[in-house]
Amino acid sequence: MWRQFGMIRFMALWMLLQLPGLPSIPAAAVADGERKTHFRMPTDSRPRGCPKDVSTDLSNYTVSIIIPWHMEKWEHLRDTMESLLHFTNDELVKEYIFVSDGNPNDRKTELKAMSPKVKVFASEKRMGLIRTKNFGAKKATAPVLMFMEGHCIVNRLWLEPLLQRLLRDPRALVMPALDYIPQTAWGEYHQGVPTMWRYEWNMNLIHTNPGNIIKFERTKPYESPGTSGGIFVMMRSWFEELEFFDEGMMEWGGDHAELSFKTWRCGGRIEVVPCSRIGHLFRDPEHRPYPVDVNRVVKNYDRLAQIWWKDHYSYFRRMKPESEGMKHKGLERVHESYANLQKKLNCKDHQWYMENVDFEMNWEKDRLCHPHWGPGHPDHCKNALSYGKFTIAQGDDMPPKLYMQALKKALASKRNRGPTRNASDEL
């Protein structure tokens with residue numbers, strides 16, 4: 001009787017797999033009759049208009065999925081991998097690269113048991129996230145890099161929409177829309193709000209959606225001034241041409257900003273694809289599994305500002321006065337590398353970036369305030385801080401009408417310069 005019930009269950013699974021629009025299940029799961037998974041199945045958070053299957057030939061866009069990790073809970077790391085195996089077309093994945101950054105247990109045995117495509121590299125001493133990412137990218141062999149974090153749940157048909165954008169524009173950095181996993185409830189999964197990523201003048205990463213111009217039901221990819229840095233795809237050749245991350249930045253913080261400015265200013269673009277969804281465990285400092293030295297992060301930001309905001313460095317210093325006097329090793333070499341990159345790729349300056357990519361940053365530079373300065377200081381905030389921001393007071397945000405005017409002007413300028421690389425150019 002039990003054997004008969006097992007066959008019925010297997011046939012039911014086989015019939016379900018024939019239905020259109022359902023996520024693929026790894027072949028190993030079908031062969032065994034079932035594959036036990038620990039992660040809680042997420043709801044389908046894609047907008048209604050997203051396609052339920054993909055017919056594009058992506059065989060030349062196989063992926064190395066790179067997961068650097070430090071002190072992650074095994075539950076999170078395991079479920080991240082299980083969701084990848086469950087919801088990813090195996091033919092598109094060349095390898096899963098786990099880089100253990102100074103962990104007492106690299107989980108090599110457990111991870112390699114999950115898939116023959118898993119590779120595990122381990123450093124006994126902590127390298128830091130930035131160097132770990134570089135290490136993983138240099139070990140990758142597929143034409144596409146996918147940077148992933150070890151506390152995510154991927155959703156249905158998440159990879160193909162990202163690769164379709166690279167097919168259209170090989171110099172794009174393409175991100176999924178991030179859904180929300182609460183830091184105290186790993187089993188929950190909630191649809192994220194539509195957003196773009198951008199940087200304030202203190203180099204903090206924030207969300208933005210002026211006038212709610214990006215709607216929940218939007219299915220078309222849209223541009224973003226920045227990347228969150230941890231979850232995106234990119235052609236390996238383009239990442240190498242941009243010369244990886246500056247390893248003079250230590251441990252954590254700054255790689256996302258550096259890659260954002262490199263990508264946009266040196267001939268690429270950053271996009272968010274609403275039809276690709278990945279749940280991410282958003283954690284505040286108290287819930288991180290490791291401490292972060294805030295002064296070290298500020299030092300990384302100061303190093304970046306001296307390179308990428310060199311003509312606007314004074315704005316950063318006003319918003320990060322604690323950076324005064326910070327010394328940086330090897331900065332001359334980085335200046336030289338940037339000059340060579342600028343010459344090789346005809347990289348634009350930061351004023352171009354503000355006029356063509358981040359219009360809010362351009363607006364805010366003349367309205368900055370610092371919440372810690374008191375009355376009488378020129379950077380004293382006259383009102384409470386604007387919601388979700390740290391360098392602008394309420395009432396000083398860029399009006400949505402002016403944002404749309406700046407956007408239309410930038411799009412007109414692009415069209416006047418000639419055809420784009422066949423990518424999305426409008427909201």
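The values are calculated or read from the model by the stated rules, or taken from the named source; none is laboratory data. All figures in this text were calculated on a predicted structure; none of them were measured in a lab. Reconstructed Cβ throughout: ideal geometry from the backbone, glycine too, with neighbour counts over all protein chains shown. Note: accessible area is taken over every heavy atom of the protein model, side chains too, but ligands, DNA and RNA are not part of it. Shrake-Rupley method; radii C 1.70, N 1.55, O 1.52, S 1.80 Å.
Within region 167-193, the set of residues being outside any loop (DSSP other than H, G, I, E, B) and closer than 18 Å to GLY230 by Cβ comprises ALA172, LEU173, VAL174, MET175, PRO176, ALA177, LEU178, ASP179, TYR180, ILE181. Quick check on GLN351: is it among the polar types (S, T, N, Q) and surrounded by 14 or more Cβ atoms within 10 Å (Cβ to Cβ)? Criteria not met by GLN351.
The single condition among (1) open to solvent by 30 Å² or more (accessible area, probe 1.4 Å); (2) at pLDDT 95 or above; (3) not small (Gly, Ala, Ser) that ARG269 does not meet is (1). For region 213-226, the criterion of a residue being under 15 Å from the mean Cα position of the chain (by Cα), at pLDDT 95 or above, farther than 26 Å from MET319 by Cβ and not acidic (Asp, Glu) is satisfied by at least one position. Of the set (1) of a type in the set (Asp, Glu); (2) free of Cβ contacts under 8 Å to residues at least 40 places away in the same chain; (3) in contact with a strand residue (DSSP E or B) (Cβ under 6 Å, 6 or more places away or on another chain), all apply to GLU110 but (3). Taking first residues from region 397-413 that are within 24 Å of LEU385 (Cα to Cα) and partners that are open to solvent by 30 Å² or more (accessible area, probe 1.4 Å) and of a type outside the set (Asp, Glu), the Cβ contacts under 6 Å between residues at least 6 apart in sequence or on separate chains come to MET398/TRP363; PRO400/GLY211. Pairs are defined by a Cβ separation below 8 Å, a sequence spacing of at least 6 or placement on different chains, a first member in region 271-285 that is without any contact (Cβ under 8 Å) to a residue 12 or more places away in the chain, and a second member that is hydrophobic (A, V, I, L, M, F, W, C); the pairs so defined are PRO285/VAL292. When region 82-136 is filtered for residues that are under 23 Å from GLU251 (Cα atoms), in contact with a helix residue (DSSP H, G or I) (Cβ under 6 Å, 6 or more places away or on another chain) and open to solvent by less than 20 Å² (accessible area, probe 1.4 Å), the ones remaining, listed by number, are ILE97, PHE98, VAL99, ASP101, ILE130. Residues in region 159-194 that are open to solvent by 20 Å² or more (accessible area, probe 1.4 Å) and of a type in the set (Val, Ile, Thr) were compared, and the one that is farthest from SER237 (Cα to Cα) is THR184.
Restricting attention to region 385-396, and to residues there that are under 27 Å from the mean Cα position of the chain (by Cα) and touching a residue at least 24 places away in the same chain (Cβ under 8 Å), which single residue is farthest from LYS320 (Cα to Cα)?
First pass over region 385-396, keeping only residues under 27 Å from the mean Cα position of the chain (by Cα): 385-392.
If we keep only those that are touching a residue at least 24 places away in the same chain (Cβ under 8 Å) as well, we get 388-392.
Working: GLY388: 18, LYS389: 14, PHE390: 11, THR391: 10, ILE392: 14 Å.
Top of the filtered list is GLY388.
Residues checked against (1) at pLDDT below 95; (2) within 29 Å of MET250 (Cβ to Cβ); (3) part of a helix (DSSP H, G or I):
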site: GLY325; (1), (2), (3): yes, yes, no
site: GLU332; (1), (2), (3): yes, yes, yes
site: HIS335; (1), (2), (3): yes, yes, yes
site: LYS343; (1), (2), (3): yes, yes, yes
site: MET354; (1), (2), (3): no, yes, yes
site: GLY388; (1), (2), (3): yes, yes, no
site: THR391; (1), (2), (3): no, yes, no
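Close Cβ contacts (under 8 Å, 6 or more residues apart or on different chains) running from residues in region 323-336 that are touching a residue at least 24 places away in the same chain (Cβ under 8 Å) to residues that are open to solvent by 40 Å² or more (accessible area, probe 1.4 Å) comprise SER323/LYS299; SER323/ARG317; MET326/LYS299; HIS328/LYS299; HIS328/GLN306; LEU331/GLN306.
Of the residues that sit in region 375-384 and are without any contact (Cβ under 8 Å) to a residue 40 or more places away in the chain and touching a strand residue (DSSP E or B) at 6+ places or on another chain (Cβ under 6 Å), which one is nearest to ILE213 (Cα to Cα)? Let's see the steps before the verdict.
Let us first name the residues in region 375-384 that are without any contact (Cβ under 8 Å) to a residue 40 or more places away in the chain, namely 375-378, 380-384.
Checking the rest, the ones that are also touching a strand residue (DSSP E or B) at 6+ places or on another chain (Cβ under 6 Å) come to 381-383.
On the way: CYS381: 28, LYS382: 28, ASN383: 26 Å.
Looking at the filtered set, the residue picked out is ASN383.
Yes or no: region 146-162 includes at least one residue that is part of a strand (DSSP E or B) and small (Gly, Ala, Ser). Outline the logic, then answer.
Here is the first cut: in region 146-162, the residues part of a strand (DSSP E or B) are 146-147, 152-154.
Applying the additional criterion that residues be small (Gly, Ala, Ser) yields none.
For region 146-162, residues part of a strand (DSSP E or B) and small (Gly, Ala, Ser): absent.
State which residue is farthest from THR132 (Cα to Cα) when the search covers only region 217-266 and only residues that are crowded, with 19+ Cβ neighbours inside 10 Å and of a type in the set (Lys, Arg). So the residue we want is ARG265.
Please return the ranges of strands (runs of 3 or more DSSP E) entirely within region 194-268 where 2 or more residues are in contact (Cβ under 8 Å) with a residue 24 or more places away in the chain and farther than 17 Å from LEU166 by Cα. Quick ask: steps written out before the conclusion?
Numbers: elements: 196-199, 205-208, 232-235.
By residue number, 196-199, 205-208.
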